[in-house]
Amino acid sequence: MSWSLKIMDANGALQSTITDATSPPVMMGSPTCEVDPHGDCVTMTLHGRPDQLTIPTRGILQYEEDGTNLFWGPAVVLPPTGSLGAGPADQDSDSLERFTIAGGKQLVQDSIVEGYFLLKSWLGSGKDVADIAFDLCDRYAHPALTVAAANFPSIGQVLDTYYAPEQQLNDALDKLAQTVAGGAVWYVDAAGSIHFEAA
């Protein structure tokens with residue numbers, strides 16, 4: 001099995017890449033990834049020596065195995081920078097070597113909608129819920145996230161009026177999903193792309 005771990009800064013610019021061929025090895029074992037059935041990255045835990053595995057604060061990591069993306073998201077818990085890791089006498093080796101990575105939804109939660117208002121009389125017709133979700137994400141999503149119209153397929157539910165006050169983007173998407181008969185889901189995949197689709 002081949003693997004790679006891309007390490008990016010907080011805005012998604014690539015800083016370095018670590019692979020199974022990196023010598024000396026900087027990771028201990030394979031990361032543990034939690035991904036929900038829709039493909040939404042939830043959390044990833046990996047272990048390594050902080051003096052060799054340099055991850056910037058709020059840096060974004062993308063992990064893949066055999067060419068398949070498995071996880072993408074920001075680092076939220078890092079061991080002390082420059083630490084050599086745990087020695088044989090350390091009581092809490094996990095805290096000295098564990099890196100916790102949140103899923104991409106964390107960056108959606110960090111994004112703020114500054115206000116959005118839609119009236120049918122302005123457009124001459126209503127707007128599909130997925131198109132509204134795309135507009136919100138296109139305007140307000142964190143710059144490291146990918147927002148592509150193809151990931152917001154038409155749901156067939158049209159709103160004539162829609163208002164989103166200042167709030168976190170994840171809250172706005174949750175409320176939009178609730179307007180869909182039968183429900184809708186949104187998630188961030190292992191490549192950092194936002195999706196909004198019928199449940």
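Residue-by-condition table, conditions (1) at pLDDT 95 or above; (2) within 25 Å of A133 (Cα to Cα); (3) within 20 Å of the chain's Cα centre (by Cα):
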site	(1), (2), (3)
A21	no, no, no
T32	no, no, yes
D36	no, yes, yes
T45	no, no, yes
A75	no, no, yes
S95	no, no, no
T100	no, no, yes
I112	no, yes, yes
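In the set (1) more than 17 Å from L145 (Cα to Cα); (2) without any contact (Cβ under 8 Å) to a residue 24 or more places away in the chain, L53 fails one condition alone, (2).
The values are calculated or read from the model by the stated rules, or taken from the named source; none is laboratory data. The shown structure was predicted, so the numbers you read here are calculated from the model rather than taken from an experiment. Virtual Cβ from ideal backbone geometry, glycine too; neighbours counted across all protein chains shown.
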